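Input: a single structure, listed below in structure tokens.
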Amino acid sequence: MKLRRLGTSGLKVSEVGLGCNNFGMRIDDKATQAVVDAALDAGITLFDTADIYGGTKSEEFLGKALGKRRGDVVLATKFGMRIGDDDRRKGGSRRWIMTAVEDSLKRLGTDWIDLYQFHQPDPDTPIDETLRALDDLVTQGKVRYIGNSNFTGWQIADADWTAAGATRFVSAQNQFSLLERKVQFEVLPACEHFGLGFLPFFPLASGLLSGKYKRGEAPPEGTRLAAWGPRGQAALNDKNFDKVEKLEAWAGERGHTILELAFAWLLGHEVVSSVIAGATTPEQVKTNAATSGWTLTPEDVKEVGELIG
């Protein structure tokens, strides 16, 4: 597994990271242990979770599964989205941040968080307040680096200007895949300009780029799109399948699968530091980790993008 710098920071992460949103939601603590073990065996060093995943169980399961190996990984979690039904347990205020970080540290069973990410912008709190609170956590040693998630390009720029000598965001995490490319217009250029490492989530477009779904067939039982019901069925439309079939053909001509192409295409963007991919089984982890072996040229990246319009 290759390592990449997280933006212009000194932190290095594995090209493929493990998204832990399934822990506590789709799999229990025993299955979580198996997935984490497989990830470590595959050379994955970036483990990404959030305080809301699995109703807060994800952090608990992940911390337990890592155990004494916690120091071998880059542990990333997030705060800011509402926990439960309490509107006081969300946002980017100093009050909530100071509470949220202590809760996450306890659930993860650790003394520090390597990458603490603001899960979504908070329109009710000035970004200056959020950044100053996070800067204090870095000074206290509870957090090593900070990042953002679901920010727009202008919000990334505003946060960097506002930091003004304080700890600044070193990463941005947004949805990005061959079927969802909105971040290419503003977010990726902002990351490049301000030196943030980009961390794509949903790289397989909720499984559409995994090869498991077929035109005219119902989603396989147990898959994400099957669980989503009508919403998942709506994603299985002819427009998406037209793109998927073109991508399958392009990858197949080069001896690869569409899943391998999905990862390789994202990693073909220099601003991408690691691709965050979830998994519910050790086999999925191994398959995802193996994709880091295919390197696309800049011309390949451009050609694939033009192929699907």
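The values are calculated or read from the model by the stated rules, or taken from the named source; none is laboratory data. Predicted model only: the values in this text are computed from it and were never measured. Because the Cβ atoms are built from the backbone with ideal geometry, glycine has one as well, and the counts that use them run over all protein chains shown.
Do we have THR99 as hydroxyl-bearing (Ser, Thr, Tyr), surrounded by fewer than 20 Cβ atoms within 10 Å (Cβ to Cβ), more than 23 Å from ILE156 (Cα to Cα) and free of Cβ contacts under 8 Å to residues at least 40 places away in the same chain here? So THR99 fits the description; yes.
For (1) modelled with pLDDT under 95; (2) of a type outside the set (Ser, Thr, Tyr); (3) over 21 Å from GLN173 (Cα atoms), each residue gets a yes or a no:
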{"residue": "GLY17", "(1), (2), (3)": "no, yes, no"}
{"residue": "ALA31", "(1), (2), (3)": "no, yes, yes"}
{"residue": "ALA34", "(1), (2), (3)": "no, yes, yes"}
{"residue": "PHE47", "(1), (2), (3)": "no, yes, no"}
{"residue": "TYR53", "(1), (2), (3)": "no, no, no"}
{"residue": "ALA65", "(1), (2), (3)": "no, yes, yes"}
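In the set (1) crowded, with 19+ Cβ neighbours inside 10 Å; (2) part of a loop (DSSP other than H, G, I, E, B); (3) of a type outside the set (Phe, Trp, Tyr); (4) under 18 Å from the mean Cα position of the chain (by Cα), the condition left unmet by LEU75 is number (2). The set of residues from the stretch 125-152 being within 22 Å of the chain's Cα centre (by Cα) and of a type in the set (S, T, N, Q) comprises THR130, ASN148, SER149, ASN150, THR152. Among the criteria (1) crowded, with 21+ Cβ neighbours inside 10 Å; (2) in a helix (DSSP H, G or I); (3) of a type in the set (Ser, Thr, Tyr), the one TYR213 does not fulfil is (2).
Checking the stated criteria, LYS90 turns out not to satisfy the condition of being touching a strand residue (DSSP E or B) at 6+ places or on another chain (Cβ under 9 Å), basic (Lys, Arg), outside any loop (DSSP other than H, G, I, E, B) and crowded, with 18+ Cβ neighbours inside 10 Å. For the stretch 109-154, the set of residues classified as touching a His at 6+ places or on another chain (Cβ under 8 Å) and without any contact (Cβ under 8 Å) to a residue 24 or more places away in the chain is empty.
The set of residues in the stretch 217-244 being of a type in the set (Asp, Glu) and surrounded by 12 or more Cβ atoms within 10 Å (Cβ to Cβ) consists of ASP242 alone.
Selection over the stretch 13-40 of residues that are among the acidic types (Asp, Glu), under 14 Å from GLY63 (Cα atoms) and not in a helix (DSSP H, G or I) gives a count of 1. Applying the criterion of being in contact (Cβ under 8 Å) with a residue 60 or more places away in the chain and either farther than 23 Å from GLN33 by Cβ or not hydrophobic (A, V, I, L, M, F, W, C) (or both) to the residues of the stretch 285-302, the residue that is surrounded by the most Cβ atoms within 10 Å (Cβ to Cβ) is ASN288.
Taking each residue of the stretch 209-233 that is in contact (Cβ under 8 Å) with a residue 40 or more places away in the chain and looking for partners that are part of a loop (DSSP other than H, G, I, E, B) and surrounded by 13 or more Cβ atoms within 10 Å (Cβ to Cβ) with beta-carbon atoms closer than 7 Å, six or more apart or interchain, yields LEU209/LEU178; LEU209/LEU179; SER210/LEU204; GLY211/THR257. Looking at the stretch 173-186 only, could you name the residues that are of a type in the set (A, V, I, L, M) and out of contact with any Phe, Trp or Tyr (no Cβ under 7 Å at 6 or more places or on another chain)? The one that is of a type in the set (A, V, I, L, M) and out of contact with any Phe, Trp or Tyr (no Cβ under 7 Å at 6 or more places or on another chain): LEU179. Of the residues ASP122, ASP111, ASP85, the single one that is more than 14 Å from ALA50 (Cβ to Cβ) and under 21 Å from the mean Cα position of the chain (by Cα) is ASP122.
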